[in-house]
Amino acid sequence: MPKPKGFEKPAGVRDYLPHAAEKLRAIERSVLDCMGAWGYRQIITPTMEYYETVGVASSTSDQKLFKLLNNRGTTMVLRSDITAPIARVVASLLKEEPLPLRLSYHANVFRAMEEEAGREAEFFQTGVELVGDDSPEADAEVVALAIESLKAAGVQSFKIALGHVGFLNGLLEEAIPGEGQEDIRAGLKEVLLQRDFVGYREMLTGLALSELQKEELEGILRLRGGKEICSQAIELSGNPEAKHAAEHLCAVWDALEDYGVAEQVMIDLTMIGDFSYYTGMTFEGYAAELGFPVCSGGRYDNLLQQFGRPAPATGFALKTSRILDGVNGIKQERVLPVLLQYDQSRRKEAFAEAARLRSQGQSVILRHMDDEAAALNKEKTEGISESGKPSPVVGPLGTTYGEVLTFAERKGADQS
């Protein structure tokens, strides 16, 4: 095996240079502040978890988990999402806390991706979990908060698509009934999950179904739009599960109208999320600048029971790394630091001035000058300038600063 080169790093991970790190932290602070205003308290969970608990409960497929062994031979995983770790905490450390619980987070997560796909193996998510409320209002709350969080992250143009796992489950059970048809139903779900509508139609063509059954199943591809889609969905299927799902979406839509955000939402019953994980409403957010989702979420009422505290739950995660890279986002005006240069004779005075400026929120870089540099120094500024906001100036070595202050004995001049 060839030895890695000194500057290489593993595929799928990246270095965040200062300008990107500053923007990432700005997005994080803005979004968490937004979530806090809605009553969500931040939680931080470990980077590593036990595979047998959090790993198997995660929505991430097993082949995408990063696994490792600890010194006792126990299989560990790097967290692939934050929802399963939060479920573990809610069922243990927070088990005495009354429901509902509102929790927020910002963290890096890890998923093993195909190298040729060009996707990141480590990326950041910022999200919330609302645990203990199964009402349409709870689902509407997380959707409305997702909208506000995207705005807080600097995403101005986007659309939220709502779906429901129960509707498709009910429709398929009605159109393709029977215990021996599970593989067919799962195959149709899978192509819809991949957003492969051509493949979905091709699968329908190849199935031994009546024309009425095929027409009913193809009709789901037309169920995309506003509130009117709910009533159309109710009419499309007589299955109780499908009807309940459509009625639930109607109730969520009504609440979103009262929030005043319905114009940024559409119903898309072809969008089902991970059907092995979600149990009800699901949603995705798409920014105008990107073809990939910038947020996703939904209801997952079965997860908490795996940790011994059955409770309904719903939530979402912003794809913070995608927002950082693909959306103009938060406009950051870089504040240039002050360069404070000094010689040995005035070092104490310079250090005190630097501390004063830092206490006022300014960034200060200290630079020691030897006697020769002090003698040749061209700067005339001594102490703080009274000129207000100075224009950027070029300091030693060509670096740009907001201001250059000099504390040094001037050779051949009266000492102050």
Worksheet entry | Dipole in debye (nearest 20) - segment 25-67, about Cα centre, beta carbon charges: Lys, Arg +1; Asp, Glu -1 | 140 debye
Worksheet, complete the sentence: Along the dipole axis of the chain (charges at Cβ: +1 for Lys and Arg, -1 for Asp and Glu; origin at the Cα centre), the most positive-end residue among Ala11, Leu336, Phe283 is Leu336
Worksheet entry | Selection from Gly315, Ala20, Ser149 lying farthest towards where the dipole of the chain points positive, charges on Cβ | Ala20
Fill in: Accessible area per residue in Å² at 1.4 Å probe, computed on the chain
52 Å²
Item to complete: Could you list the trypsin sites (Lys or Arg not before Pro) in segment 85-150 that lie in coil according to DSSP, counting only those with at most 14 other Cβ atoms within 10 Å of their Cβ?
Response: Lys95, Arg119
Item to complete: Just flag the chymotrypsin sites (Phe, Trp or Tyr not before Pro) in segment 7-45 sitting in loop per DSSP whose Cβ has no more than 16 other Cβ atoms within 10 Å.
Response: Phe7, Tyr16, Trp38
Worksheet item: Share of the chain's accessible area from carbon and sulfur, percent, 1.4 Å?
Response: 51 percent
Fill in: Spherically averaged projected area in nm², based on the convex hull that wraps the Cα atoms of segment 145-252
7.9 nm²
Response to the item:
HN-Hα couplings for segment 207-221 via Karplus (6.51, -1.76, 1.60; θ = phi - 60°), in whole Hz with x for Gly/Pro, come out as 8, 7, 10, 6, 4, 5, 5, 5, 5, 5, 6, 6, x, 5, 5
Item to complete: Please report Rg over Rh for segment 1-106, where both radii come from the alpha carbon positions and Rh follows the Kirkwood definition.
Response: 1.05
Fill in: q = 0.08, 0.11, 0.12 Å⁻¹, the chain: log10 I(q)/I(0) [Debye, one scatterer per Cα]
-0.59, -0.91, -1.02
Fill in: Added length on full extension, which subtracts the Cα-Cα distance from 0.36 nm per residue, Ser59 to Gln194
47.0 nm
Worksheet item: If you place +1 on the Cβ of every Lys and Arg, -1 on the Cβ of every Asp and Glu, and leave all else neutral, what size is the dipole of the chain about its Cα centre, to the nearest 20 Debye?
Response: 1880 debye
Worksheet item: Quick one: which of 276-284, 313-321, 206-214 comes out on top by average Cβ neighbours within 10 Å, and what's the full order, highest first?
Response: 313-321, 276-284, 206-214
Worksheet item: Taking segment 95-190 as the region of interest, what is the percent of Cα-Cα pairs per 10 angstrom bin, listed from the shortest bin to the one with the maximum distance?
Response: 11, 25, 31, 28, 6
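The values are calculated or read from the model by the stated rules, or taken from the named source; none is laboratory data. Everything numeric here is computed off the predicted structure, so don't read it as measured data. Cβ: placed from backbone, ideal geometry, glycine included. Neighbour counts: every protein chain shown. Areas reflect the complete protein model, heavy atoms only, side chains present, ligands, DNA and RNA absent. Shrake-Rupley method; radii C 1.70, N 1.55, O 1.52, S 1.80 Å.
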